[in-house]
Amino acid sequence: MVPTSPPLVSLQAPKDVSIDEIEASLRDIWQNYSSGEEGLAATRATTFSFLIYEPDGTQLLLAALGFYTGPIDGISGARTEAAIKAAQKVYDFEVTGKSDEAFIKRLKAEFEQLTVLDKQTPDNLRAALQYAPDLDGAGVADAIASSNPCRIITLCPTTGADEGVQAQVSAYCPIQKRSSSTLICCEYINLRGTAEALERIGGIISALMIPDLPKFIWWKATPQSDYGLFQRLVKNCDTIIVDSSSFSHAEEDLNCIGGLIAQGLPIADLNWRRIAPWQELAAEAFDPPERRLQIWEVDQVVIDYEKGNPSQALLYLGWLASRLQWKPISYEYEGGDYDIRRIRFVGKEQRQIAVELAGIPTADWGDIPGDLISLKLDSTNREADCCTVLCSETTGCMRMESGGGAQSCRINQVSSLSDQKTEQLLGQQLQRWGKDMLYEESMVLTYEMLQLMEK
């Protein structure tokens, strides 16, 4: 059961202000509530700054409806404008190449109709999970504020006409965060405008991050290393948070993340946390003394995941390869009904390792696109005692067992965890900052694999 967020006391509902009035407006809120009149005193949190970069949903919806194939980055380039024009023509709007509220409303209605007609796909699901603009201080932001009162800055790049940046400020206090009669509160700053308009005030946005406190950035889009605003914001942040389960082009986007890590940027991927039970059970299978050396006999690996996003499979394979000192030598995309990918490695003593990643079509998409379904570690050495099968508790090991030899394999099930939801993983991530060395070491191997795909 996922815990619900505790109630919040509203000190200030979202209020429109000019860009240069943001700090003054926030100071006024705290001055008005610092005296403790009528038994209520409120103090601003001094924990950390949390910046959320969240596109307005136009690109996601266009992609889900088949009009757009580019990156989900909130930047209205030529491909985005062409996709908007195509959709405007189909849905009888004036063809301008610019989005507006009425156009987005129509896209949402068309998208919802796909579900009604049972035409949901992995791409549609990914759009549904990622499209949740958090502009009113609700949803995930409330869940974070309830346990981590902080300053939340939401940037919402739009694909409409460039009319500058609209700013709002608000303040909410989780009831359980109090000391005697004093509430410890969270302040929200919401900035909305085109990517170009937001980039023009990049210096102001950076200044809104509270000095001398940890700074987190949740980039709910494909990170673009050549985007000026991204470059400016990440310079002094403690952690850049992404969620590869929402990546529209998993291999390209993971490749981008690998490049950012190679530059020394502190990246955290919420999807990495979701594969921890699979890592732990695999390690546990080789804990018995009689099996410890058998791990080096593994040279055949099959990983099944829900078709649509291979991010978890690639992250897991990167982890496995980094632990076993495998070096990738080829990456082949075969496609087909199971979206097959074949990766070859060379291990100790030049041992050849063959890996197959398979995207399994499922009738009922899970909560997270691309969740792992099952995996098998095996060897061409029939005398080796290394065969290990892990499978999801909800889907079972049918495909792995049908390959034969299951009776000599160690089989274990990975229980589904309630704390795999985005808000829980995000809350955990905000308790730590800096680099995760195990993740970085694994991503080095994932990055090397993906580099081979381009050759």
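Would you mind computing Rg(Cα) / (2.2 N^0.38 Å) for the stretch 162-293, counting N as its residues?
1.43
Tell me the Rg and the Dmax, in Å, that the Cα atoms of the stretch 158-240 produce.
15.5, 49
State the answer as a single residue: which of Trp219, Gly193, Trp278 lies farthest towards the positive end of the charge dipole of the stretch 183-299, with beta carbon charges of +1 for Lys and Arg and -1 for Asp and Glu, about the Cα centre.
Of the options given, the answer is Gly193.
Ratio of Rg to Rh for the stretch 259-305, alpha carbon only, Kirkwood?
For the stretch 259-305, the value is 1.12.
May I have the extent of the alpha carbons of the stretch 59-107 along their three principal axes, as whole Å values ordered from largest to smallest?
Computed over the stretch 59-107, the largest-to-smallest principal extents equal 25, 18, 17 Å.
What accessible area per residue, rounded to a whole number of Å², is obtained for the stretch 162-299 using a probe radius of 1.4 Å?
For the stretch 162-299, the per-residue accessible area is 38 Å².
Taking only the alpha-carbon atoms of the stretch 267-355, what semi-axes of the equivalent ellipsoid follow from 5 times the gyration tensor eigenvalues under a square root, in whole Å, largest first?
The equivalent ellipsoid of the stretch 267-355 has semi-axes of 22, 18, 12 Å.
Which of the peptides 74-86, 254-266 is most tightly packed, and how do the rest follow, going by the mean number of other Cβ atoms within 10 Å of each residue?
Numbers: 74-86: 19.4, 254-266: 17.6.
My ranking of the peptides, most packed first, is 74-86, 254-266.
Once you put a point 7 Å from the Cα of Gln231 and another 7 Å from the Cα of Glu196, both along the Cβ direction, what distance in nm separates them?
1.8
Could you work out how much longer the chain between Lys15 and Lys435 gets when fully extended? Use 0.36 nm per residue separation minus the Cα distance between them, nm to one decimal.
147.6 nm
Convex hull over the Cα atoms of the stretch 304-371, averaged projected area in nm²?
Across all orientations, the stretch 304-371 yields a mean hull projection of 4.6 nm².
Find the percent of Cα-Cα distances in the stretch 258-411 that exceed 26 Å, and round it to a whole number.
Counting pairs separated by more than 26 Å, the tail of P(r) holds 25 percent.
Can you check how the C-alpha radius of gyration of the stretch 9-83 compares to 2.2 N^0.38 Å, as a plain ratio? Could the numbers behind the result be given before it?
Numbers: Rg = 19.9 Å, N = 75, 2.2 N^0.38 = 11.3 Å.
Cα-based Rg divided by the globular estimate yields 1.75.
Roughly what would the spin-label model give for Arg292 and Asp337, points 7 Å off Cα along C-beta, in nm?
With each label point 7 Å from Cα toward Cβ, the separation is 4.5 nm.
For the stretch 252-267 and the stretch 77-108, what is the separation of their Cα centres, given in Å?
With the stretch 252-267 and the stretch 77-108 each reduced to a Cα centre, they are spaced 32 Å.
The values are calculated or read from the model by the stated rules, or taken from the named source; none is laboratory data. Bear in mind the structure is a predicted one, so any value in this text is a computation, not a measurement. Ideal geometry is used to build each Cβ from the backbone, glycine not excepted, and the neighbour counts take in all protein chains shown. We work out accessible area using only protein heavy atoms, side chains counted, and drop any ligands, DNA or RNA first. Shrake-Rupley method; radii C 1.70, N 1.55, O 1.52, S 1.80 Å.
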